[in-house]
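Engineer: One structure follows; several queries about it will come next.
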2 protein chains.
Amino acid sequence: MADLPLAPGSTIGILGGGQLGRMLAVAASRLGFDIAILEPEKDAPAARVAAKAVAAAYDDPAGLEKLAKVASVVTYEFENVPAASVAKLVEMGVEVAPGAKALEVAQDRLVEKTFLNANGAPTVAFAKADSAAEAVEAAHQVGAPALMKTRREGYDGKGQRWVEHAADAAAAFEALGGVPVILEAAADFVRELSVIAARGRDGATAVYPLAENHHEHGILRRSIAPAQVTPALADQAERIAARVLKGLGYVGVIGIELFEMRDGTLLVNEIAPRVHNTGHWTMDGCEVDQFEQHIRAVAGWPLGPTHPTARVEMLNLLGEEANDWRRFAAEPETRVHLYGKRDAKPGRKMGHLNRVKAL
Amino acid sequence: MADLPLAPGSTIGILGGGQLGRMLAVAASRLGFDIAILEPEKDAPAARVAAKAVAAAYDDPAGLEKLAKVASVVTYEFENVPAASVAKLVEMGVEVAPGAKALEVAQDRLVEKTFLNANGAPTVAFAKADSAAEAVEAAHQVGAPALMKTRREGYDGKGQRWVEHAADAAAAFEALGGVPVILEAAADFVRELSVIAARGRDGATAVYPLAENHHEHGILRRSIAPAQVTPALADQAERIAARVLKGLGYVGVIGIELFEMRDGTLLVNEIAPRVHNTGHWTMDGCEVDQFEQHIRAVAGWPLGPTHPTARVEMLNLLGEEANDWRRFAAEPETRVHLYGKRDAKPGRKMGHLNRVKAL
């Protein structure tokens, strides 16, 4: 087992080699850690800033063994890591954080919403459906219009579609592949917010100021942080974060997407058991950003401060937008973050800008 | 030749794999660059955060060729890179910054002081000596006590000794190995300051606020920045930096160590044609730190802002002091930076702390 707090010079493993893994690796290196990336793709963004890289499928036993040999603590950059891989690593004596429960909850939208409501973190009304007939029934139950989502997989708006009338639910079910789904009541929200929070191995928690988020075509476009909110709203978000973190026995940074409703209450849209796109503003708006915070937590270090030091507008660079780097580099208020991805496919997250203003 | 400004996705080469190379590599990765490290030691701190590493001597032609094949722009993390290696890289079509002139000046204390005085950057009185007899003569010329330094090599107080009386100069000369030296008049300074400045490929310059520095046994212990200085003193430092940068036709970040004299004038102690230990505070006290600034400059990007966003006390962690990481990690105001060095030899720079306060 890992000797915690993990000493500098130790190796932290990361499942996943994308931009989140890359920014985690950079944060870890600042604290004196080495990073080992497990990721199928060779030459992945995170692998290019890591001391060690294992190019293997996430469920490849030999790859997992290689990782376990060098890393006593392992974390992940995305929630669709196979649960069996995490179990295997734990069997081999590796500390895996945020851990199996967080994955189990985050990998199935039905389990997730059930967990949230059971833990005092309210969501919209929802119902599950395993067949076309159940889908119609579910639509009548939650009311139309409603959002149908596959229970598993799906991100950035993929694997979901709107059901305008209950009668359309059967067709929607088939269009999503006939896999188990949930139907979510439409949230008549005034704003989308998110809270990035962390929990240490000692159970201590730390919460960043809320971000206000704007999506386009299901993909995050812009976050503004700290969001303009009342103290009561901030309190509500903190309470939700504390309940979720405790309920999951969580270790690490979590992203919790929220709807601000007309009556001033917050509903949880979804949780992501990892560092989160709506927390990228912390890289230039906090002393300890979400990436270092996550590394601190999984390494068993004390959590760092989360107060804001600047007002930040974070803008995602999608696809060829990143080609405008010359212009962004010349803006004095703009901090440029590029992920080193080779192929600027449409809609692909290639980087982000943090436009910084004094508080 | 490199196509400048250098596009993200390109590889920047760094000669040297220590902590400065490591922090440069991390800054470059944030901007989407890959890094290739040339350094004799395998598994060096910078190599462990770089996409590519060439383990070869700095003057190994095959190693330099390998570097030139992947990197169109090369920089260095220390001033004792062989000038012939830089010349070879330039021959192979590589852009090397800060460039040959900066190295030539920084590698020989006599050339350096002569350059500084010729460019309106005043220093203490000095005289050269190539023999024991000349050393005594030089001591009479500059006056005792005086500091004798080898013209080449030497850092962190190595390769130098005090001459209390002119008659001792011959013995000091022999003790330093009988190599060419210079004798520097003692500077009756009130404070040691430094200025970190940058010059872009377009000739634009940017200057960080001054740092106040405290040395122990010839090694930097502490920097406080922004230093409390009068506007007149800050102006003087900026003028000196501008002259030095222009005189060297410099590209990149430079560290200029200064003596603040009793009469309020600044003398240049020495220049370091690279990112500098007294600029580490910028990592937590500026929007763009000295490492990103250097990468921006050598890549032909516009320079970033240099205004302070916090007050920082930077403390070097020498040798086993870094073993106290548990304590430092628990201090909310302390940002921990560890270099991933395996062997905590006495006096070795293992990391630094930035203790941050609001401005």
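Bear in mind that the values in this text are calculations on the coordinates, not laboratory data. Just so it is clear, the structure is predicted and the values come from calculations on it, not from any experiment. A quick note on method: Cβ atoms are made from the backbone with ideal geometry, for glycine too, and the neighbour counts reach across all protein chains shown.
Engineer: Volume per residue, Å³, of the convex hull around the alpha-carbon atoms of segment A:71-215?
Structural biologist: Dividing the Cα hull volume of segment A:71-215 by its residues yields 138 Å³.
Engineer: Among A:Leu31, A:Leu248, A:Leu110, determine the one that fluctuates most according to a GNM of chain A built with springs between C-alpha atoms less than 10 Å apart.
Structural biologist: Of the options given, A:Leu31 has the highest mean-square fluctuation.
Engineer: So for A:Phe33, A:Phe189, A:Phe259, B:Phe173, fewest C-beta neighbours within 10 Å to most, what's the order?
Structural biologist: A:Phe189, A:Phe259, A:Phe33, B:Phe173
Engineer: Distance in nm between label sites at B:Trp162 and B:Lys42, each 7 Å beyond Cα in the beta-carbon direction?
Structural biologist: Inter-label distance under the simple model: 4.6 nm.
Engineer: Mind checking A:21-27 for the average number of partner chain beta-carbons within 10 Å of each residue's beta-carbon?
Structural biologist: Other-chain Cβ atoms within 10 Å of each residue's Cβ, averaged: 2.
Engineer: How many Cβ atoms of partner chains, on average, are near each residue of B:29-37 if near means within 10 Å of its Cβ?
Structural biologist: Numbers: counts 13, 12, 8, 11, 3, 5, 2, 0, 0.
Mean number of neighbouring Cβ atoms from other chains: 6.
Engineer: So which trypsin sites (Lys or Arg not before Pro) in segment A:15-56 pass both tests, a DSSP loop state and at most 13 other Cβ atoms within 10 Å of the Cβ? Working shown, then result.
Structural biologist: Numbers: sites: A:Arg22, A:Arg30, A:Lys42, A:Arg48, A:Lys52; in loops: A:Lys42.
Counting only loop positions with at most 13 other Cβ atoms within 10 Å, the trypsin sites (Lys or Arg not before Pro) in segment A:15-56 are A:Lys42.
Engineer: Using Cα centres only, tell me the gap between segment A:223-283 and segment B:170-213 in whole Å.
Structural biologist: 50 Å
Engineer: Now for a different question. I'd like the orientation of helix B:132-142 relative to chain B: the angle between its Cα long axis and the longest Cα principal axis, in ° from 0 to 90, rounded to 10.
Structural biologist: 90 degrees
Engineer: For the pair A:Phe78 and A:Asn323, what calculated FRET efficiency results from E = 1/(1 + (r/R0)^6), where r is the Cβ-Cβ distance and R0 = 22 Å, to the nearest 0.05? Provide the component values of the computation, followed by the final result.
Structural biologist: Working: r = 26 Å, r/R0 = 1.17.
According to the calculation, E is roughly 0.30.
Engineer: Another one. Could I get the Rg over Rh figure for segment B:1-136? Both from C-alpha atoms, Rh via Kirkwood, rounded to two places. Before the final figure, lay out the partial values.
Structural biologist: Working: Rg = 17.2 Å, Rh = 16.1 Å.
When Rh is taken as the Kirkwood radius, the ratio is 1.07.
Engineer: Take the Cα atoms of segment B:205-294, build their convex hull, and give its volume per residue in Å³.
Structural biologist: Expressed per residue, the convex hull around the Cα atoms of segment B:205-294 is 101 Å³.
Engineer: Something else: What length, rounded to one decimal in nm, is gained on full extension from A:Ala125 through to A:His140, with 0.36 nm per residue of separation minus their alpha-carbon distance?
Structural biologist: On the way: separation 15, 0.36 × 15 = 5.40 nm, distance 1.17 nm.
The span from A:Ala125 to A:His140 would gain 4.2 nm if fully extended.
Engineer: Can you tell me how segment B:15-70 classifies by the Cα gyration tensor, rounded, prolate or oblate, using a/c under 1.5 as the rounded cut?
Structural biologist: Oblate.
Engineer: Select from segment B:1-84 those GluC sites (Glu not before Pro) which occupy a DSSP coil region and have at most 15 other Cβ atoms within 10 Å, ordered by residue number.
Structural biologist: Taking segment B:1-84 and a limit of 15 other Cβ atoms within 10 Å, the loop GluC sites (Glu not before Pro) found are B:Glu41.
Engineer: Calculate the all-directions average of the projected area of chain B's alpha-carbon convex hull, and give it in nm².
Structural biologist: Value for chain B: 17.3 nm².
Engineer: List every residue whose amide H lies under 5 Å from the amide H of A:Cys286, counting only residues 5 or more places away in sequence or on a different chain, with H placed 1.01 Å from N in the peptide plane.
Structural biologist: Those qualifying (amide H under 5 Å, at least 5 residues apart or on another chain) are A:Thr309.
Engineer: For segment A:293-301, take each phi angle, set θ = phi - 60°, evaluate the Karplus expression 6.51 cos²θ - 1.76 cosθ + 1.60, and give the result in whole Hz per residue in order, putting x for glycine and proline.
Structural biologist: Whole-Hz 3J(HN,Hα) from phi for segment A:293-301: 4, 5, 4, 4, 5, 5, 7, x, 7.
Engineer: Across the Cα atoms of the protein assembly as shown, what radius of gyration and what greatest pairwise Cα-Cα distance (Dmax) are found, in Å?
Structural biologist: Cα-based Rg and Dmax for the protein assembly as shown come out at 28.2, 104 Å.
Engineer: Using a ≥ b ≥ c from the Cα gyration tensor of segment A:82-136 (square roots of the eigenvalues), is it rounded, prolate or oblate, where a/c under 1.5 gives rounded and otherwise the larger of a/b and b/c decides, a/b for prolate?
Structural biologist: Details: a/c = 5.54, a/b = 1.88, b/c = 2.95.
It is oblate, given that a/c is not under 1.5 and a/b is not larger than b/c.
Engineer: Would you calculate the convex hull of the Cα atoms in segment B:125-185 and tell me its volume per residue in Å³?
Structural biologist: 62 Å³
Engineer: Still on this structure, please answer the following. For segment B:10-24, just list the computed ³J(HN,Hα) in residue order, Karplus coefficients 6.51, -1.76 and 1.60, θ = phi - 60°, integers in Hz, with x standing in for Gly and Pro.
Structural biologist: Residue by residue, segment B:10-24 yields 6, 10, 9, x, 10, 7, x, x, x, 5, 5, x, 5, 6, 5 Hz.
Engineer: Now for a separate question. For chain B, what is the mean residue ellipticity at 222 nm derived from helices alone (per DSSP H run of n ≥ 4: -39500 (n - 2.57); sum divided by total residues; nearest 500 deg cm²/dmol)?
Structural biologist: Per the formula, -8000 deg cm²/dmol.
Engineer: In sequence order, what are the phi-derived ³J(HN,Hα) couplings for segment B:248-265 according to the Karplus relation 6.51 cos²θ - 1.76 cosθ + 1.60 with θ = phi - 60°, rounded to whole Hz, with x for glycine and proline?
Structural biologist: These are the phi-based 3J(HN,Hα) values: 8, x, 6, 9, x, 9, 10, x, 10, 8, 10, 9, 8, 8, 4, 8, x, 8 Hz.
Engineer: Over the whole of A:336-349, what's the average partner chain Cβ count within 10 Å per residue? Rounded to a whole number, please. Please report the intermediate quantities before stating the final value.
Structural biologist: Working: counts 9, 4, 8, 4, 10, 3, 1, 0, 1, 0, 0, 0, 0, 0.
Going residue by residue through A:336-349 and averaging, the value is 3.
Engineer: Additional query: Do any trypsin sites (Lys or Arg not before Pro) in segment B:222-321 lie in a DSSP loop with no more than 13 other beta carbon atoms within 10 Å, and if so, which? Intermediate values should be presented prior to the final figure.
Structural biologist: Working: sites: B:Arg222, B:Arg239, B:Arg243, B:Lys246, B:Arg262, B:Arg274, B:Arg296, B:Arg311; in loops: B:Arg262, B:Arg274.
Answer by residue number: B:Arg262.
Engineer: With the label 7 angstrom out along Cα to Cβ, how close does B:Ala132 come to the same site in each of the other copies, in nm, nearest first?
Structural biologist: 10.4
Engineer: Using a Cα-Cα cut-off of under 29 Å, which lysines could be cross-linked to A:Lys345, ignoring same-chain neighbours fewer than 8 residues away?
Structural biologist: Candidates past the 8-residue exclusion: A:Lys42, A:Lys52, A:Lys149, A:Lys158, B:Lys52, B:Lys69.
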